[in-house]
Amino acid sequence: PVSEDLVQRALELATWAPNHKMTNPWLFINIGDKSRAAIADLAVTLKMQKDGTVLSEVSQMAIRQNYSSCPVLIAVLKKTASDEKTSWEDYASVAAGLQNAALFLWENKVGSKWTTGVVTTHSETYESLGVDSTKEELLGFFWIGYPKKIPSPPSRIPIEKVFRQSP
């Protein structure tokens, strides 16, 4: 288990991300067992629809296990903005906020990842979480837990290839 205080502090730090016009667009839902089970069932159904096959019982259980085994699963949302520019800026603020949270968690030896996908945008997920899609947009799930193993970091493009000086 991950300390509730640690999770609360991480999410609090997320709200300190840069936020143009101080719209405070972020919303977080700690997904409980009943909602996780519904979302896991939906993930199985959507995977079968995508692949056009029936998944084996083992594959179905693996998907369900993925949702139930993570100590903390947070739905990440943003408030619906009145215009496209504000919506884009708000999305950037939420993304920066999750980076704040991830760095804080990692400093405390806790792993995290932000995932998106078809299950996060499905109407049944909104229903399972009690989210009104006209007022809030689900941006994905933030998975929090102690890693079984620490992966090697992926390679990055050298700074010289992505940074230049203007005259």
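The values are calculated or read from the model by the stated rules, or taken from the named source; none is laboratory data. Keep in mind that this is a model prediction, so the values were computed, not measured. Note that each Cβ is placed from the backbone with ideal geometry, even for glycine, and that neighbours are counted across all protein chains shown. In case anyone asks, the SASA skips ligands and DNA or RNA and just uses the protein heavy atoms, side chains included. Shrake-Rupley method; radii C 1.70, N 1.55, O 1.52, S 1.80 Å.
In nm, to one decimal, how far is the Arg156 label point from the Gln49 one, both placed 7 Å along Cα→Cβ?
According to this spin-label approximation, the distance is 3.8 nm.
Taking the stretch 1-56 on its own, what percent of its Cα-Cα pair distances exceed 13 Å?
More than 13 Å apart: 74 percent of the Cα pairs in the stretch 1-56.
Report the longest stretch of the chain that contains none of the chymotrypsin sites (Phe, Trp or Tyr not before Pro) sitting in a DSSP loop with at most 14 other Cβ atoms within 10 Å.
Looking at the chain, 17-162 is the longest stretch - no exposed chymotrypsin sites (Phe, Trp or Tyr not before Pro) with at most 14 other Cβ atoms within 10 Å.
Cα centroid distance between the stretch 82-108 and the stretch 15-31, in Å?
After rounding, the separation between the Cα centres reads 7 Å.
Amide H of Glu136 versus every other amide H placed in the peptide plane: which residues, excluding those fewer than 5 positions away on the same chain, fall under 5 Å?
The list, which skips near neighbours in sequence, is Thr80.
Please work out the ratio of the alpha-carbon Rg of the chain to 2.2 N^0.38 Å and round it to two decimals.
Rg over 2.2 N^0.38 Å, computed on Cα atoms: 1.15.
For an R0 of 25 angstrom, estimate the FRET efficiency from the Cβ-Cβ distance between Gln165 and His20 and round to the nearest 0.05.
0.45
Around Ser68, what is the net charge, scoring Lys/Arg as +1 and Asp/Glu as -1 over all other residues with Cβ under 11 Å from its Cβ?
Net local charge, Ser68 excluded: +1.
Once both labels are modelled 7 Å past Cα along the beta-carbon direction, what's the Ser56-Ser123 spacing in nm?
Going from the Ser56 label point to the Ser123 one covers 3.5 nm.
In whole percent, how big is the carbon plus sulfur part of the accessible area of the stretch 52-167, probe 1.4 Å, protein atoms only?
Roughly 56 percent, rounded to a whole number.
Longer than 24 Å from Cα to Cα, which of Lys78/Lys109; Lys113/Lys148; Lys21/Lys78; Lys50/Lys109; Lys21/Lys135; Lys50/Lys135 are they? Say none if no pair is.
Table pairs above 24 Å Cα-Cα are Lys78/Lys109; Lys50/Lys109; Lys50/Lys135.
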